[in-house]
C-alpha cells in the first residue's frame, strides 16, 4: 500500500478511535450527572434533532414525567431542570450517530476505490459489528431503567462500557498494523503471555469499574488504604449467598476494584522488571515504560477519586484513564507480536 493511501486510512481510523474515546467521556459525564434516563424513547432518525420549540420541549418533558426516574427521584424537576440532564444524553446519542456516518461513508468510498485488502475489509466489518452491538447494548442498558426501577443494570452498563473499550482497541490495533513497518508475526514467548494475562486482568478491572459506577459503590468507604479503618470492611460479607457481595454489594464490589487495582500495579511492575532484563527494541522498551507510568497514574487517580467522593471531573478522568491504560497495553502487545523492522543505518 502506498504511503498516501496509508495516511488517509490511518487518519480515518484514528478519527474514529478518538470519537469512541469522546463517547466514553461523554457517557461518563452522562452517568455522573444522572442524565442517562432523560430520553425515554429511541428513534434512529427523528431522535437526531433535539426539541426546538416550547411545545416540543414540553412534550418531551411530559414523556419523561411518565418514567420511573421522574416519579421516584425527580418529581420536583421543572422544565429547566429537565433540560440540564437532557442535553448530555442527547449529545451522547448524537455522537453515536455521527460516528456511524464517519465510519460508513469513507468505508464505502475506500471499498469502491479498491484501497482495502480482503483482510482489512474483514477487520473493518468486525469494527462495524462491534459498533452495532455497542449501540444495541446502549439501548438495552437504558431500557433497564425505564421499566420498574429508575436505575440501569450495572451488568448492562459494564457490557456497554467494555464493548466500547474493545471497539476502540480493535480500531487502534488496525491503525498500528497499517502504519508501522512490521516484520513477521513472532511466536508468543513467556513475556508475551504475561502481557496477555495483564490485559485480561485490566479488562476485568474495567468491568469492576463499571460495577462501581453502576451501583454507586464509590460512595462508600471513602478512605485509603483501609476501608473505614478495616483491611476488609465487615459489610463486604453482608449479603447471602457470599458470592453476590462481589457482584451486587457496594462494599464487595469496591473491595474487588481496590484489590484488582493493586494487582494491576504489581503486574505492571513485573512487566517493567522483565522488560528491562530482556533485550528488546527501543519501541518495546518505550511501550513497557508507558504501561507502568499510565498504570501508576491511574491508580493514584483512582485513590483520589475515592477520597473525594467521586467528583465529576475526577470520575471522568479516571474512566478516560482506564481507556488510555488499555491502549498502551494493546500497543505493548502489538510491539511484542509484531516488532518493528529496524531502519537501515
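The values are calculated or read from the model by the stated rules, or taken from the named source; none is laboratory data. In this text, all values refer to a predicted model and were calculated from it rather than measured experimentally. So basically every Cβ, Gly included, is an ideal-geometry build from the backbone, and we count neighbours across all protein chains shown.
Here are a few things to note about the model shown:
- Condition check for residue 309: outside the structural domain of residue 18 (by TED's automatic domain parsing) and not in a helix (DSSP H, G or I): yes
- Being in the same structural domain as residue 323 (by TED's automatic domain parsing), more than 15 Å from the chain's Cα centre (by Cα), modelled with pLDDT of 95 or more and under 25 Å from residue 32 (Cβ atoms) is true of residue 236.
- Residues that are loosely packed, with under 13 Cβ neighbours inside 10 Å and at pLDDT below 95 within the range 279-308 comprise 279, 282, listed in sequence order.
- Search result, residues across the range 124-172 that are in a helix (DSSP H, G or I), more than 16 Å from the chain's Cα centre (by Cα), touching a residue at least 12 places away in the same chain (Cβ under 8 Å) and more than 20 Å from residue 88 (Cβ to Cβ): 124, 126, 128
- Helices (runs of 4 or more DSSP H) wholly inside the range 1-83 that include at least 1 residues being over 26 Å from residue 127 (Cβ atoms) and in contact (Cβ under 8 Å) with a residue 40 or more places away in the chain: 3-32, 68-72
- Given (1) in a helix (DSSP H, G or I); (2) in contact with a helix residue (DSSP H, G or I) (Cβ under 7 Å, 6 or more places away or on another chain); (3) crowded, with 16+ Cβ neighbours inside 10 Å, number of the condition residue 192 does not satisfy: (3)
- Look at the range 287-309: where a residue is on the phi > 0 side of the Ramachandran plot, no partner that is surrounded by 23 or more Cβ atoms within 10 Å (Cβ to Cβ) and not in a helix (DSSP H, G or I) sits 6+ places away or on another chain with Cβ atoms under 7 Å.
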